[in-house]
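Computed from the coordinates by the stated procedures, all read-outs in this text should not be read as laboratory data. Since we're looking at a predicted model, the values are computed, not measured. When we count neighbours, we look across all protein chains shown, and the Cβ atoms used for this are built from the backbone with ideal geometry, even at glycine.
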Amino acid sequence: MTMLLRRIKSSVLVAALSVGTAMSMSAPASAQFGAQAGFADSFRPEFLDRDMPLFVEILKLEDWQRPIVEVLLQDYMVSYEAGVEEVKNRMRGLQSRIGNARPDAVMEMILEPLAVWDTERAELGRSFLNNVRAQLTPSQIDRWPRFERTLRREKELPKGELMGESVDLFTLVRTLRFPYEIEEAIDPIVVEYELALDEALAVRTAKIDSLQDKIKDAMAAMDFEAGLSATDQIMSTRVQVRRIQDEFVVRIAEALPGEFNERFRDAALAEGYPRAFRPTPIPRLLESIRTLPDLTDGQRAQLDEIEVEFDLRLANIEMRIVEAFRIHEPGEARVKVQRMIDRRNGKKVERVQSEADRIVAEKTDLVDETRRRILAVLTPEQTGALPGNSRPRDGAGGPAGGSPGGIRSEKIRTLAPGKDHPARPRFKSPDELSKNRDRGVGAQGISPSGSKDGKQDRGSD
């Protein structure tokens, strides 16, 4: 346990000194608490140049106001960068004081300047927004609540940790560009979603802020149970944000007619649960096969039947993956940390596959099975005519990669031009080819699985 504590204290200091890499701590438990303690946010400005269009669009800034807000934003960023540099300098000064100090004392030394800076950076943000508001007209101030909601959605929504927590349905509706009359019809539900999501995000942010000191105290004392208790409370607010998202995916989809219903639902689920809806190579493979000139009507009918069955089974599996994430993901962080602690304490810890991963493996198996069924419909000649699977020519061994004479592209690489010669190809030696094959490196192209480089896309990790 002593060795673990030493690793944690050194890794926290290194992480804190590395802007943008504060979550690269070597100990998973420390990383779990550090994420909730706001290490990453401590070194990330709340407002950036790219936020100017938001101020202009939502607040309807006049031409004379824009330069003023831009100057205020630049002043904020300069002050923020100066504050970050001061914190980093203070932390560098700690390196000479750490020595053989107790782990809890070291953690207190590291966290103290971060706590001071957290207060200062929060005040910088408040001061900047107050200065912006002071430049507004009465009609623009009336838009301030909407601006705050938009700002919160822009800044806080990407901080989600659960599948389905960070999807922005408000933006998605605009991105899909529904006809004007349809957008008008669903606008009341979208507004209701905006308000409900804003409330849930505000609760999540307030809970995280209220538990900062407890989490940092737990880190300083190496009290994993106290840290996990605090993160469990935060997790409950994350689950609530995701519940709002899932609820309004259904409600907005139900309010949309016909094809727009399915289009929105598919896009929302794919964006919210990307691991469940990663594309498979099957559509691409079928598209390639259907271009074969000698494909018979009977073969086309078999392929159509296989495709229909695949789509039905795939849809079922993907929704089971979504449900597995909804049920099991909130508790997985605590389980992982507890397993790490048990392992460090010398307990035997068996590797456990999550329910979502188990169903993802089913999706992979379905893709493999369907690919074999599709290729079984084809003749050997048709299979050989597929991209990336051409037949050998001119006596060259193995499948050709489309190079003249059946030479696989893996056998050639280009030498850079020299003083006395232009760029030119060089044939790889047998040893190089052997090493490439051992590493799985082959000819580039599209395989019958529909993947690049001759590697099969497993459909999902």
- Extension gain, Ala202 back to Glu309 (0.36 nm per residue minus Cα-Cα distance, nm): 34.1 nm
- Query: For segment 294-357, which trypsin sites (Lys or Arg not before Pro) are in a loop by DSSP, counting at most 15 other Cβ atoms within 10 Å?
  - Reply: Lys347, Lys348, Arg351
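Which length gain, in nm to one decimal place, applies between Ser79 and Ala185 when the Cα-Cα distance is subtracted from 0.36 nm times their residue separation? Intermediate results must be reported in sequence, preceding the final value.
Working: separation 106, 0.36 × 106 = 38.16 nm, distance 4.56 nm.
Full-extension gain reported as 33.6 nm.
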- Compute the distance in nm between two label points, each set 7 Å from the Cα along the Cα-to-Cβ direction, one at Arg243 and one at Leu375. 4.8
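Which of the pairs Lys159/Lys207; Lys336/Lys363; Lys155/Lys207; Lys207/Lys336 have their Cα atoms more than 21 Å apart in this structure? Could the numbers behind the result be given before it?
Values: Lys159/Lys207 14 Å; Lys336/Lys363 24 Å; Lys155/Lys207 16 Å; Lys207/Lys336 23 Å.
Violating the 21 Å Cα-Cα cut-off are Lys336/Lys363; Lys207/Lys336.
Starting from segment 286-382, pick out the GluC sites (Glu not before Pro) whose DSSP state is loop and whose Cβ has at most 13 other Cβ atoms within 10 Å. It would help to have the intermediate numbers written out before the result.
Working: sites: Glu287, Glu305, Glu307, Glu309, Glu318, Glu323, Glu332, Glu350, Glu355, Glu362, Glu369, Glu381; in loops: Glu350.
Here the GluC sites (Glu not before Pro) that fit, given the DSSP loop and packing criteria, are Glu350.
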- Message: Give me the one-decimal nm value for the distance between modelled label points at Lys60 and Glu362, 7 Å along each residue's Cα-to-Cβ direction.
- Response: 5.3
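For segment 127-207, which trypsin sites (Lys or Arg not before Pro) pass both filters: DSSP loop (anything but H, G, I, E, B) and at most 15 other C-beta atoms within 10 Å? Show your work: numbers first, answer last.
Details: sites: Arg133, Arg143, Arg146, Arg149, Arg152, Arg153, Lys155, Lys159, Arg174, Arg177, Arg204, Lys207; in loops: Arg143, Arg177.
In loop regions of segment 127-207 (DSSP not H, G, I, E or B), the sparsely surrounded trypsin sites (Lys or Arg not before Pro) are Arg143, Arg177.
Can you give the extra length, in nm with one decimal, that the chain gains between Arg174 and Arg265 once fully stretched, where that is 0.36 nm per residue apart less the Cα-Cα distance? Before the final figure, lay out the partial values.
Details: separation 91, 0.36 × 91 = 32.76 nm, distance 1.40 nm.
Gain on stretching Arg174 to Arg265: 31.4 nm.
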